[in-house]
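The values are calculated or read from the model by the stated rules, or taken from the named source; none is laboratory data. Bear in mind the structure is a predicted one, so any value in this text is a computation, not a measurement. Positions of Cβ are backbone-derived with ideal geometry, glycine not excepted, and every protein chain shown enters the neighbour counts. What goes into the accessible areas is simple: the full protein's heavy atoms, side chains included, and nothing from ligands, DNA or RNA. Shrake-Rupley method; radii C 1.70, N 1.55, O 1.52, S 1.80 Å.
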There are 2 protein chains.
Amino acid sequence: MGDNKREMKLGAFFMIPGHHVASWRHPESAAEQVQQFDLYKRLAETAEKGKFDMIFFADGYAVNDHHESTIEQTVTVRPDPLTLLSAISAVTNKVGLTATVSTTYNEPFHVARKFASLDHLSGGRAAWNVVTSSRDAEAQNFNKSKHPEHESRYERAEEFVDVVRKLWDSWEDDALQINRTTGRFADPSKVHEVNHKGKFFSVRGPLNVSRPIQGHPVIIQAGSSEAGRELAAKTAEVIFTAWQTLEEAQAFYQDIKTRLVKYGRSKDELKIMPGVFPIIGRTEEEASNKQQLLRELIPEKSGVALLSALISFDLSAFPVDGPLPDLPNIKNINGGKSRFKLLKDLAEREQLTIRQLYQQIAGARGHREIKGTPVQIADQLQEWFENGAADGFNIMPPYLPGGLEDFVELVIPELQKRGLFRKEYTGNTLREHLGLNRPTSTLLVNTKVGKLS
Amino acid sequence: MGDNKREMKLGAFFMIPGHHVASWRHPESAAEQVQQFDLYKRLAETAEKGKFDMIFFADGYAVNDHHESTIEQTVTVRPDPLTLLSAISAVTNKVGLTATVSTTYNEPFHVARKFASLDHLSGGRAAWNVVTSSRDAEAQNFNKSKHPEHESRYERAEEFVDVVRKLWDSWEDDALQINRTTGRFADPSKVHEVNHKGKFFSVRGPLNVSRPIQGHPVIIQAGSSEAGRELAAKTAEVIFTAWQTLEEAQAFYQDIKTRLVKYGRSKDELKIMPGVFPIIGRTEEEASNKQQLLRELIPEKSGVALLSALISFDLSAFPVDGPLPDLPNIKNINGGKSRFKLLKDLAEREQLTIRQLYQQIAGARGHREIKGTPVQIADQLQEWFENGAADGFNIMPPYLPGGLEDFVELVIPELQKRGLFRKEYTGNTLREHLGLNRPTSTLLVNTKVGKLS
């Protein structure tokens, strides 16, 4: 079934030194290099060798210090993703570069400029994963005591993205003339103030970087709550999402593609790419052993702390071999609402203790865990891809660089053999890889925007 | 005279595609590449070949659009400097990487993290040029109508730098343990909240990047007003400054080195590096022709606009071949006070018309212009260096990449021959190049800072 020409989109999603909370203890992880460029260079080159659409860095603006054990037993340092991706852009040619940046604790002018700069310097490979942050600890690094409420964060996010897009469009595509003879560097009639005045932002523009190579860097979004779905349907071009079962993923896929219509968008304008945590073995036994080793490496305290953080509820006072206690109503959860529901449902469905639950999720952190031989891994990806659950996947290697190298060496060839994934890049920009159109300027449509006097 | 072992510090200071306002019209400038990585890579490699201490990017947060002619006739786009320097870090090994970032329109947590990230990824080569911005047009891109007053900007800047340093120190040097066997990634007793609460900022910390390789990235500062001098004497490790005459530069040098004592600092802890705009010819005639060509390339309107911007006063209504009109009292100038005084004094001293003044300053923009053969250029640098006016210089090539390549091929060997400049890098970090000590942690001294509970 499916269109012969339809190919998966693949992102390499990096937590460092691996998606599994105990990855740094794995004998083959690069735990000593979590802040060194050599590791990132190797990862990027491997992803490009595997013809990935993009590499993708998560982010947050605070140390995870819910519990002392988190700082002690897990990796709580991570370089700024835009800084990382700029450096990576210099040693790669094709792979897309996705940075997570929050709209809650940033300014649209800076965000527009940094992504526009990266897009120019990388030859059109930048993407922005738009998040709204989730924790009071982040607020407290930015002059606030509490993280703003879910609804107001999403309202701000929508206006933020709107302003950023206007700034990207403040120079028309052909504004730069660079005519030495006439002394005309730019055509001022093609450079526009944006004069945005909204509830959260007042921004004059124009940006001091010309229109990005991609028109707009690709907009990615991860929220799967009601507000998150609406924002995505309105503004996103890729959704990064977390589902455990085919049925849930299909329902989400259907829901989002339907919502697009409301905003006058076609189904192809938004790619849905769930996260997948693959444990790959040359045999089933090798895969199971890898899984078991990683589970055993999780110190109990940091397992409980991770689970507590994921559900925004402190479990440290409850018996680790007992069931989840009664949890608060989801309405009172501020940040990661969909993750909260997913884990609560999983524990109920499979009757898990706290320990069993953290062992299950300490790798995938709520995303789908798939395990097996390369053929079995490919089967599981293909099933979702061909049954209306995904346009592609964000691959979350358990430990790095080995987990990524296994995927590239063992699984990618299997996907290519089945005609499910590209053998060579056919374009240069991330939009070309993802099959997304280069957007026309929002300013040319909106005649209310002023011109420079 | 002078100590035999004392060597100049040299920065390559980049406006793109050259410091001269008409550089982009020069037949050998890379005007078409102002947003392309290839140009920056070439510049950085050339600077490293020349054994420069650092490359240095200015910055601003608005298009220069005082006049339509500025957008039309000058280069008003420039990539974000941190994005640029991260990319450059990946293709260089030794040269220092200095980015200008304003304290008026940023948050300390982001700034601390970005520079800490760059410092780790580059192996200890990051420096921050601290500025407070200068224009209403920048304010208007960040939800404000007016640029804040000089005094309050400097007050904010001082607190900002203080918070950034605390965040850099929030992880002790040996906080990372990375012991796979015990499961201890970090020692939580060596990771500290900063709990800063001041007039402008409230920041909890710790940072989510460990202590930078250099301890602190190098702090550079450019203000030469009274408030700027005090801030520099208290916090800076390099001063980037603008002087036209030996006497002025000596007086400034003496003044700053004396102020250091008040803050318990030694004279070696702060390097004074004035900007220098060199026009280099293999013969005097070639140098004069180069100067004349650049002057002729300046369109009249953009010359007047540049001068207006530099003195924060609109000159477009006055006859271009007449004298400067009566200017406002310096007290009413908000931003670039010392530049205002310097240009006013220059016009009076040399009895210049508006056109003559803009032609004189359109290259150096208020910095010292030196012209001549490599020997003459070296003489002029040596004179200031050996007579208490400078510890080194920020070299501002008129057009790029040619102006930098001339300096590296023609002037650097002359300086090396005289024993005034290094022939090889002897260290790896920017601090090592500059002869600056690695700072001890501010937090270890300040016992009031809380530990994590």
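Miscellaneous remarks
- Sole residue being assigned to a strand (DSSP E or B), without any contact (Cβ under 8 Å) to a residue 60 or more places away in the chain and open to solvent by less than 10 Å² (accessible area, probe 1.4 Å), chosen from A:Ala87, A:Ala99: A:Ala99
- Residue check, B:Lys94 at pLDDT below 95 and either out of contact with any Leu (no Cβ under 7 Å at 6 or more places or on another chain) or among the aromatic types (Phe, Trp, Tyr) (or both): no
- Screening A:Leu121 with (1) more than 8 Å from chain B (Cβ to nearest Cβ); (2) more than 27 Å from A:Lys234 (Cβ to Cβ) gives one miss only, at (1).
Residue-by-condition table, conditions (1) more than 22 Å from A:Met15 (Cβ to Cβ); (2) small (Gly, Ala, Ser):
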| residue | (1), (2) |
| --- | --- |
| A:Leu310 | no, no |
| A:Ala317 | yes, yes |
| A:Pro325 | yes, no |
| A:Pro328 | yes, no |
| A:Asn332 | yes, no |
| A:Arg349 | yes, no |
| A:Tyr358 | no, no |
| A:Arg368 | no, no |
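- Candidate set from region B:159-172 (those that are part of a loop (DSSP other than H, G, I, E, B) and within 28 Å of the chain's Cα centre (by Cα)); member that is farthest from B:Gly223 (Cα to Cα): B:Ser170
- Considering residues of region A:163-204 that are in contact with a strand residue (DSSP E or B) (Cβ under 9 Å, 6 or more places away or on another chain) and of a type in the set (Val, Ile, Thr) only, the residue most open to solvent (accessible area, probe 1.4 Å): A:Ile178
- Cβ-Cβ under 8 Å pairs, at least 6 apart or on other chains, region A:243-257 side of a type in the set (D, E, K, R), far side buried (at least 20 other Cβ atoms within 10 Å of the Cβ) and assigned to a helix (DSSP H, G or I): A:Asp255/A:Arg229
- Taking region A:326-352 as the range and being crowded, with 20+ Cβ neighbours inside 10 Å and more than 27 Å from A:Thr103 (Cβ to Cβ) as the test, only A:Ala347 passes.
- Region A:62-74, residues that are within 7 Å of chain B (Cβ to nearest Cβ), touching a residue at least 40 places away in the same chain (Cβ under 8 Å) and surrounded by fewer than 24 Cβ atoms within 10 Å (Cβ to Cβ): A:Ala62, A:Asp65, A:Glu72
- The residue that is farthest from B:Asp314 (Cα to Cα), among those in region B:123-135 that are open to solvent by less than 10 Å² (accessible area, probe 1.4 Å) and assigned to a loop (DSSP other than H, G, I, E, B), is B:Gly124.
- For region A:139-158, the candidate set comprises residues that are within 14 Å of chain B (Cβ to nearest Cβ) and assigned to a helix (DSSP H, G or I); within that set, the residue that is most open to solvent (accessible area, probe 1.4 Å) is A:Arg156.
- Filtering region B:346-382 to residues that are among the charged types (D, E, K, R) and modelled with pLDDT of 90 or more leaves B:Glu348, B:Arg349, B:Glu350, B:Arg355, B:Arg368, B:Glu369, B:Lys371, B:Asp379.
- Only one of A:Arg431, A:Arg365, A:Arg438, A:Arg355 that is open to solvent by 20 Å² or more (accessible area, probe 1.4 Å) and within 20 Å of the chain's Cα centre (by Cα): A:Arg365
- Tallying residues that are closer than 29 Å to A:His150 by Cβ and at the interface with another protein chain (Cβ under 9 Å from one of its Cβ atoms) within region A:89-114 yields 8.
- Evaluated against (1) in contact (Cβ under 8 Å) with a residue 24 or more places away in the chain; (2) within 14 Å of chain B (Cβ to nearest Cβ), A:Phe185 falls short on exactly one condition, (1).
- Condition check for A:Ile220: within 19 Å of the chain's Cα centre (by Cα) and of a type in the set (Val, Ile, Thr): yes
- Selection status of A:Val161, among the β-branched types (Val, Ile, Thr), touching a residue at least 40 places away in the same chain (Cβ under 8 Å) and within 9 Å of another protein chain (Cβ to nearest Cβ): no
- Enumeration of residues in region A:206-247 that are part of a helix (DSSP H, G or I) and not β-branched (Val, Ile, Thr): A:Glu226, A:Ala227, A:Gly228, A:Arg229, A:Glu230, A:Leu231, A:Ala232, A:Ala233, A:Lys234, A:Leu246, A:Glu247
- Of all residues in region A:3-50, exactly one satisfies the criterion of being open to solvent by 40 Å² or more (accessible area, probe 1.4 Å), in a loop (DSSP other than H, G, I, E, B), away from every other protein chain (no Cβ under 12 Å) and at pLDDT 95 or above, namely A:Glu7.
- Count - residues of region A:59-89 that are among the aliphatic types (A, V, I, L, M) and in contact with a Pro (Cβ under 8 Å, 6 or more places away or on another chain): 3
- A:Phe185 vs. criteria aromatic (Phe, Trp, Tyr) and within 19 Å of A:Tyr61 (Cβ to Cβ): no
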